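The values are calculated or read from the model by the stated rules, or taken from the named source; none is laboratory data. These figures come from a predicted structure and were not determined experimentally. A quick note on method: Cβ atoms are made from the backbone with ideal geometry, for glycine too, and the neighbour counts reach across all protein chains shown.
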Amino acid sequence: MGDQVTSSNYTPRQRTRYRERLQHDLEVFDRHLQRAAFISQGTIGLELELNLVDQDMAPAPVGQKVLDGLSEDYQSEIGACNVELNLPPTSIEGLGLEEMQGELERRLAAVREQALAQGAAVAMVGTLPTLTTQYLSTPGWMTSENRYRALNNSIMQSRGELVRLDIAGQEHYLHDFEDISPESACTSMQLHLQIAPDRFADAWNAAQAIAAVQVALGANSPLFAGHQLWHESRIPLFQQSIDTRTQELVNQGVRPRVWFGERWITSVFDLFEENVRYFSPLLPEDRQDAGTPMMDGESPALHYLNLQNGTIWRWNRPIYDPSQEQAHIRLENRLLPAGPTPVDIVADAAFFYGMVKYLSNQNRPVWSRLSFEAATKNFISAARQGLGATLQWPVLGEVSVRELVAEHLLGQAQQGLEALGVAEELIERYLGVIKGRVSTGQNGATWQLHALAQQPPTEPDTPERTEAVAKVLRRYLELQSTGEPVHTWSL
């Protein structure tokens, strides 16, 4: 999206023209799906968003300076204290997962080296615990790039009023913001799966069905602005921080731009069609202004459709990627938080890819026996309660997520990874990490909450709470530097 935004504000004429061309792109995409050949190699990939902190564990807005010393494999994020690293696509077969971990560790080391030169350290965590309301209320929170100003302006203009965060968990956070700064608190890992168009619907449905289990296992965002909220507070925080709807539109049932969805699908086209049908354009950038060609090799570039897709944040997002040779379709799994360690990240990836493979191959798929409403409720329950959540699952009824994983899903993930040709020792290694979290009841979220509970009792928005959270984060970074999986961390 960043290379395609040249303006920070748009006229009614630009918006009208964009809408017409967006409809045309959708029709072109439909024809292309039916007639063209797509790459189908089943490669995987990873993006990881990182926080930068100073010696006091406070956010360090030096992201651009850190990026100045890195290659184009590293990108800016909307937050000035964030950077993003990208891994190249790879095969999961054989030792692919181990190679992914090795490449992730090498690229993390490069970021840490550049951060150290700026007097900062790197924190892999879903929401940086030491972010404060005061920091997010200052202009310096945002990276100085046109695309971020444009996104902020469009969301605020669409909303027409302040951004209200209202999240209740163990404690309650309520505050109104002048802009979308809380979005910068959400740092995630994003898993990519390239897949043939005719197999995409099964993969997406499978990913939606297990989304709740992923969130419960990987929860790592229990603290925001010093408040103890959901185990994965990043879920409501992200939705509320860039919500373009007023309360009246929420009451009318208008869809949010950060969206779980509302139905199982039969084609990847279903999702792109929903994007056009339900959502007003946020960034109506003209193709020629953005410098996007009509065609990318033999494939239509679909500037308008792709830009629209980039401003609708589904937790499982479809991606159409044209190329000089053949286009491809991929699934972008966006619901997991960053961290805690590289081995945890790759273990989460292994579980995801194994489960998607297994569930996609079932003769009677889980989504034919699980209502979409139940899947949505599962997702919210898992975000609230993490490893303590109870979920609905076909045949089993209500079941604790720890029992569901230990007694049923680990074996299915193993079969899926075997079908993908993953080396046996890697299946045992990475699924062993997931088993460890389930048996100990400890993931990143529970560790942070228990570590904070060991500090003297404090109240939110006090100097004492600020100090306690900083101590928790410092210990978190010490343990993160060991590279040991989070379920083994001591308090």
Just a yes or no: is a residue in region 168-175 of a type in the set (Ser, Thr, Tyr) and under 30 Å from residue 86 (Cβ atoms)?
no
Looking at region 439-468 only, could you name the residues that are over 22 Å from the mean Cα position of the chain (by Cα), surrounded by 14 or more Cβ atoms within 10 Å (Cβ to Cβ) and farther than 18 Å from residue 225 by Cα?
440
Test result for residue 339, part of a helix (DSSP H, G or I) and either surrounded by 23 or more Cβ atoms within 10 Å (Cβ to Cβ) or at pLDDT below 95 (or both):
no
Check residue 470 against each of (1) part of a helix (DSSP H, G or I); (2) within 16 Å of residue 340 (Cβ to Cβ) and name the one condition it does not meet.
(2)
Going through region 197-255 one residue at a time, which ones are over 17 Å from the mean Cα position of the chain (by Cα) and assigned to a loop (DSSP other than H, G, I, E, B)?
225, 226, 229, 244, 245, 246, 252, 253, 254, 255
Which residues, taken from region 239-271, are more than 23 Å from residue 212 (Cα to Cα) and charged (D, E, K, R)?
245, 248
Given the criterion surrounded by fewer than 21 Cβ atoms within 10 Å (Cβ to Cβ) and either in contact with a helix residue (DSSP H, G or I) (Cβ under 8 Å, 6 or more places away or on another chain) or within 30 Å of residue 484 (Cβ to Cβ) (or both), identify the matching residue among 321, 286, 344, 348.
286
Evaluate region 135-149: report whether one residue or more is outside any helix (DSSP H, G or I), touching a Leu at 6+ places or on another chain (Cβ under 9 Å), hydroxyl-bearing (Ser, Thr, Tyr) and surrounded by 20 or more Cβ atoms within 10 Å (Cβ to Cβ).
no
Given (1) more than 22 Å from residue 271 (Cα to Cα); (2) in contact with a Phe, Trp or Tyr (Cβ under 7 Å, 6 or more places away or on another chain); (3) in a helix (DSSP H, G or I), identify the lone condition not met by residue 173.
(3)
